[in-house]
Amino acid sequence: MNKGISSFFNRKSTAAWVFLAPSLITLAIFMYIPLVMSFGMALSDVNIFLKDFSWVGFENFRELIQDYRFWNALKNTVYFTILVVPLGTIVSLLVALYVQKNTFPRKALRSIYYVPVICSMTAMGIAWAILLDPTIGMFAYWVKSLGFGKLLFLKDPDMAMPLISLMTIWKTFGLNMLILVAGLQGIPLTYYEVARMNGANRFQQFLYITLPSLSATLGFCVVTNTIGSFMVFDQTYVMTRGGPMFRTETLAQYIYVRGFSISPFRLGYASSVAIVLFLVVLVISLFLYHFFTKKEVRGI
């Protein structure tokens, strides 16, 4: 009996499951179970207190089609993603190309660029909201000192989302930079030596060696950034509260508003918005994954 128990726990597979159990239980409680429950709530009408439950089927989704704020939030989220993902990836790649060498100054720059990543997005959002304040902000003072007219910055409907996007790129590009540096350092130097021997210049080496070799790494950065951009909440909430004129209200923020902020607290309706967000992110992520997988296989 004791030998059987001992042999059971001495198996590598058993040891692996024992070490994985805490993480799996945590994921189940805080991710998988709520995800399944949200599908059920999306088909019902229930408030935040889980009272007055009634089954409504797909009525919440039919209501979404006619909800202007939902479509506005979806448009703002897509706009934010289009601004952040391509520009953030390009900035990360350019900086990674510059700091990839293992010299002390380049290593110091990597550390400096990574500092905003470890800071709280909420804290950074509040700090940038103060800097961009048209009355007391430092940027407003600089603009006025240079002789330009008064800019409203975050209070301007046309400027608010681009400014939030720029702050997000500044805050997050350091992580992608480190990932791309690791990818760049994994490319064999012999590739570049052979290319130089055949007369290839730096741009040709970048185009035909660096980019194809980094396709998997770039794909990872683009997919993760896209998922994060579609779920943007912290910076838009603390910097503009979704304004002005709902021009920065995103889907994640709209879910919070309908479920936890505006009375009546329609948790079922908010869940239906969350399901749509989940499906949009899933479809786009799968498309990007297959796109970059084909690029890696073809070596393009």
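Cα centroid separation, the stretch 119-136 to the stretch 265-294: 29 Å. Backbone geometry of the stretch 163-178 corresponds, through the Karplus equation with coefficients 6.51, -1.76 and 1.60 at θ = phi - 60°, to 3J(HN,Hα) couplings of 5, 5, 5, 5, 4, 5, 4, 4, 6, 10, 5, x, 5, 5, 4, 5 Hz, x marking Gly and Pro. A quarter of the convex hull surface defined by the alpha-carbon atoms of the stretch 62-298 gives 16.6 nm² as the mean projection. Every pair of different Cα atoms in the stretch 38-113 enters the Kirkwood calculation, which places the hydrodynamic radius at 16.9 Å. For the stretch 133-179, the set of chymotrypsin sites (Phe, Trp or Tyr not before Pro) satisfying both a DSSP loop assignment and a count of at most 16 other C-beta atoms within 10 Å is given as F148.
What is the chain's relative contact order, in percent, from Cα pairs under 8 angstrom and six or more apart in sequence?
Value for the chain: 28 percent.
3J(HN,Hα) along the stretch 66-78, derived from phi through the Karplus expression 6.51 cos²θ - 1.76 cosθ + 1.60 where θ = phi - 60°, amounts to 9, 8, 4, 5, 5, 5, 5, 5, 5, 4, 5, 5, 5 Hz, with x in place of Gly and Pro. Shape class of the stretch 213-287 from the Cα gyration tensor (axes a ≥ b ≥ c, square roots of the eigenvalues): oblate, since a/c reaches 1.5 or more and a/b does not exceed b/c. 3J(HN,Hα) along the stretch 253-266, derived from phi through the Karplus expression 6.51 cos²θ - 1.76 cosθ + 1.60 where θ = phi - 60°, amounts to 5, 5, 4, 5, 5, 6, x, 10, 10, 9, 7, x, 6, 8 Hz, with x in place of Gly and Pro.
Under the convention that each Lys and Arg Cβ holds +1 and each Asp and Glu Cβ holds -1, the size of the dipole of the chain around its Cα centre is about 900 debye. N72 sits among other residues whose Cβ lies under 11 Å from its own Cβ, and their net charge, with Lys and Arg +1 and Asp and Glu -1, is +1. Packing order of peptides 271-278, 32-39, highest average first: 271-278, 32-39 (average count of other Cβ atoms within 10 Å over each peptide's residues). For the stretch 62-298, build the charge dipole from Cβ charges (+1 Lys, Arg; -1 Asp, Glu) around the Cα centre, then report which of F278, Y68, A140 sits farthest towards its positive end. So the residue we want is A140. Under 20 Å of direct C-alpha separation, and excluding same-chain neighbours fewer than eight residues apart, K51 reaches these aspartates and glutamates: E59. Taking only Cα atoms and a 10 Å spring cutoff, compute GNM fluctuations for the chain and point out the largest among K155, K101, K75. Taking springs between Cα atoms under 10 Å, the residue moving most is K101. Using 0.36 nm per residue and subtracting the Cα-Cα separation, the extra length available between A216 and V117 on full extension is 33.4 nm. In whole Å, how far is the Cα centre of the stretch 10-60 from that of the stretch 139-177? If you average the Cα positions of each part, the centres end up 39 Å apart. Peptides 218-224, 234-240 ordered by packing proxy, namely the average of other Cβ atoms within 10 Å per residue, highest first: 234-240, 218-224. For the chain, the mean residue ellipticity at 222 nm estimated from helices alone is -22500 deg cm²/dmol, where every DSSP H run of n ≥ 4 contributes -39500 (n - 2.57) and the total is divided by all residues, rounded to the nearest 500.
The numbers here are math on the coordinates, done by the rules we state, and not lab data. Remember, it's a predicted structure, so these values are computed and weren't measured experimentally. Because the Cβ atoms are built from the backbone with ideal geometry, glycine has one as well, and the counts that use them run over all protein chains shown.
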